[in-house]
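Just below is one structure, and these are the notes that go with it.
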Amino acid sequence: MWAELLPAGRYDASGGYRRHAWTSADAECRAWFAEQAAARGLAYEVDRNGNQWAWYGDPHGEGAIVTGSHLDSVPDGGAYDGPLGVVSSFAALDALLERGATPVRPLALTNFVDEEGARFGVACVGSRLSAGVLAQDQAYALRDAQGVRLPDAMEAAGQDPSTLGEDAERLSRVAAYVELHVEQGRFLADTPHPVGVASAIWPHGRWRFDFHGEANHAGTTRLEDRRDPMLSYATTVLAARKKARLHGALATFGKVAVEPNGTNAIASLVRGWLDSRAADEATLTALVEEIAQAARERAERDGVRAEVVRESYTPVVDFDAPLRDRLAARLGPGTPVLPTGAGHDAGILSAVVPTAMLFVRNPTGVSHSPSESAAETDCLAGVAALADVLEELTCR
């Protein structure tokens, strides 16, 4: 399965992946998922928000156990973030049935659409819509860098966008969601354990910083006559790093857009996106406000107008304690239980469904990069662990 999926969306120039939502690469991944479901005789369906489901047992039964992840990627992302969880879900089902186990609950495997938010700027779109934390009108307003609206992109890919919205009836039939994911960090790398259990997700969000200046000629405009928003932006990036370090938190400007974006032109607008995360909400709030204040102060000095807009926010997620403890007990004494700073569909769904996560050891801790990796033996250990968990939850 891994070998079949690996070429989809591969970008040769970087060695990474560009599997962005509702693109041809995404369509390849979705076709692969449907083929895997068909090969196992599973009931396949696409829900109102474009998420894919493959059912063993009654799709309309109560108390379903769901597992899976996502297949999309960040720009030039790695092979494991997301796909490892989806591939492992099919492999775990195979292992479960090979053991002769007979699930007495419905079991679903999923691919949640647009988890990374690489194209439209909001993470976990599919799960957010389903859980009712992203409204249809908000989804309709999302546009990509070329100005294409989310509903138009969906329609072009053959998905009806008119049905977007909360999927309360479906989620009410789900007893638990368990997501396997490669660890995005190296906690497990320093332990003898190939698999760990998640305890919580740090609160995190995305903020857009707009710096409005004045376009002018780079070769004729005196330095003292300039209203250069690039200076304000650059200073804000440095301030974010310093303030994050002082707070023991994280702040990253990883995306920027410049207008008119000419080598010999002073910019009229610099728009940067801040990703910030912290161990608690109070720290995160204080950190972002300090970064915003630094941006405003520098912009005033530069004769530039600064605006800060929060585009998405996810509060701290404490995974369901009984479910978390049940998974840890099933995996055996000494199983590491660890928090993460990365967001996941499991975190979004935790507001309406008991959720838990398994992490597979990442030897370097690198993620969102072509060098992201995991040993095959550890991936197989993850499959075995997920099969154990599914047996615990579906067969008893």
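Tabulated data for the structure shown
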| item | result |
| --- | --- |
| Search result, residues across segment 219-253 that are among the small types (G, A, S) and closer than 17 Å to G303 by Cα | S232, A234 |
| Filter result (at positive phi and buried (at least 24 other Cβ atoms within 10 Å of the Cβ)) within segment 111-160 | D114, C124 |
| Residue that is surrounded by fewer than 21 Cβ atoms within 10 Å (Cβ to Cβ) and either part of a helix (DSSP H, G or I) or among the small types (G, A, S) (or both), where the choices are G68, G41 | G41 |
| Residue list for segment 254-309, filter: among the polar types (S, T, N, Q), open to solvent by less than 50 Å² (accessible area, probe 1.4 Å) and not in a helix (DSSP H, G or I) | S268, S276 |
| Selection status of G205, within 24 Å of R305 (Cα to Cα), assigned to a strand (DSSP E or B) and under 21 Å from the mean Cα position of the chain (by Cα) | yes |
| Those residues of segment 333-351 which are of a type in the set (A, V, I, L, M, F, W, C), more than 15 Å from the chain's Cα centre (by Cα) and either at pLDDT below 95 or part of a loop (DSSP other than H, G, I, E, B) (or both), in sequence order | L338, A351 |
| Among the candidates A92, A79, A31, residue that is crowded, with 21+ Cβ neighbours inside 10 Å and over 17 Å from the mean Cα position of the chain (by Cα) | A92 |
| Neighbours by Cβ (under 6 Å, 6+ apart or cross-chain): first from segment 281-302, without any contact (Cβ under 8 Å) to a residue 24 or more places away in the chain; second surrounded by 20 or more Cβ atoms within 10 Å (Cβ to Cβ) | R296/A306 |
| Qualifying residue in segment 352-368 (condition: closer than 15 Å to T67 by Cβ, modelled with pLDDT of 95 or more, of a type outside the set (D, E, K, R) and assigned to a loop (DSSP other than H, G, I, E, B)) | yes |
| Count - residues of segment 310-322 that are surrounded by 20 or more Cβ atoms within 10 Å (Cβ to Cβ) and of a type in the set (A, V, I, L, M) | 1 |
| Qualifying residue in segment 348-358 (condition: closer than 28 Å to V256 by Cβ and surrounded by 15 or more Cβ atoms within 10 Å (Cβ to Cβ)) | yes |
| Selection count where residues are free of Cβ contacts under 8 Å to residues at least 24 places away in the same chain and surrounded by fewer than 19 Cβ atoms within 10 Å (Cβ to Cβ), scope segment 13-28 | 3 |
| Segment 239-253, subset farther than 20 Å from I201 by Cα and not aliphatic (A, V, I, L, M), residue least open to solvent (accessible area, probe 1.4 Å) | F253 |
| Residue under evaluation T236, criteria (1) among the β-branched types (V, I, T); (2) assigned to a loop (DSSP other than H, G, I, E, B); (3) surrounded by 19 or more Cβ atoms within 10 Å (Cβ to Cβ), criterion not met | (2) |
| Residue match in segment 201-223 (condition: of a type in the set (A, V, I, L, M, F, W, C), within 23 Å of V86 (Cβ to Cβ) and at pLDDT below 95) | yes |
| Members of segment 222-233 that are open to solvent by 90 Å² or more (accessible area, probe 1.4 Å) and free of Cβ contacts under 8 Å to residues at least 24 places away in the same chain | R222, L223, E224 |
| Number of the condition not met by H217 [criteria: (1) within 23 Å of G185 (Cβ to Cβ); (2) open to solvent by 50 Å² or more (accessible area, probe 1.4 Å); (3) of a type outside the set (S, T, Y); (4) touching a residue at least 12 places away in the same chain (Cβ under 8 Å)] | (1) |
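The values are calculated or read from the model by the stated rules, or taken from the named source; none is laboratory data. Model, not experiment: these values are computed from the prediction. Neighbour counts are summed over all protein chains in view; Cβ atoms, including those assigned to glycine, are modelled from backbone coordinates with ideal geometry. When the accessible area is computed, the model is the full protein with side chains, heavy atoms only, and any ligands, DNA or RNA have been set aside. Shrake-Rupley method; radii C 1.70, N 1.55, O 1.52, S 1.80 Å.
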